[in-house]
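Data first, discussion second: the structure below is written as structure tokens.
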Amino acid sequence: MADVILLLDKTARANAIKGVAGMRSFFYWADAIASGASAKQSLYHKVIYKITTDSEEIRLLEEALIQQGLFASLEAVSLELKKNENLRMLSKSRLREK
């Protein structure tokens, strides 16, 4: 996740995008994911839209994430979180049965 923030900030600076992605965005995004939000969807609301809402600038940021393979890693994180949540729920139900 930190790599995503760093890449977005670097890309924004390189393309003269005026917004900023920093520690506050990182914490808001991490909190959203910990609360069960999709890593990829919450990235837009908690990070990207804090940098810009211009569609062309968003496309530039998305391209940077795709080129570095970070969009794919966000999808993997979301799948892993769902799997862990399912395992937790299964464990809780088994404990209740005992």
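The values are calculated or read from the model by the stated rules, or taken from the named source; none is laboratory data. Model, not experiment: these values are computed from the prediction. Every residue, glycine as well, gets a Cβ built from its backbone with ideal geometry; the counts of neighbours run over all protein chains shown. Each accessible area value is taken on the protein alone, full model and side chains, heavy atoms only, with ligands, DNA and RNA left out. Shrake-Rupley method; radii C 1.70, N 1.55, O 1.52, S 1.80 Å.
Would you please list the contacts, defined by Cβ atoms under 6 Å and residues six or more apart or on different chains, that run from a residue in the range 51-79 that is under 17 Å from A39 (Cβ atoms) and touching a residue at least 40 places away in the same chain (Cβ under 8 Å) to a residue that is of a type in the set (D, E, K, R) and open to solvent by 50 Å² or more (accessible area, probe 1.4 Å)?
L74/K40
Taking interchain pairs and intrachain pairs at least six residues apart, which have beta carbon atoms under 7 angstrom, with the first residue in the range 10-22 and surrounded by 11 or more Cβ atoms within 10 Å (Cβ to Cβ) and the second basic (K, R)?
Between residues of the range 10-22 that are surrounded by 11 or more Cβ atoms within 10 Å (Cβ to Cβ) and residues that are basic (K, R), the close pairs are G19/K50; A21/K50.
From the list L74, L95, L70, pick out the single residue that is at pLDDT below 95 and farther than 16 Å from I5 by Cα.
Criteria check complete, one pass: L95.
Scan the range 30-47 residue by residue and report those that are in contact with a helix residue (DSSP H, G or I) (Cβ under 6 Å, 6 or more places away or on another chain) and closer than 19 Å to R13 by Cβ.
Of everything in the range 30-47, just one residue is in contact with a helix residue (DSSP H, G or I) (Cβ under 6 Å, 6 or more places away or on another chain) and closer than 19 Å to R13 by Cβ, namely V47.
Of all residues being assigned to a helix (DSSP H, G or I) and of a type in the set (S, T, N, Q) in the range 10-36, which is nearest to L65 (Cα to Cα)? Just the residue, please.
T11
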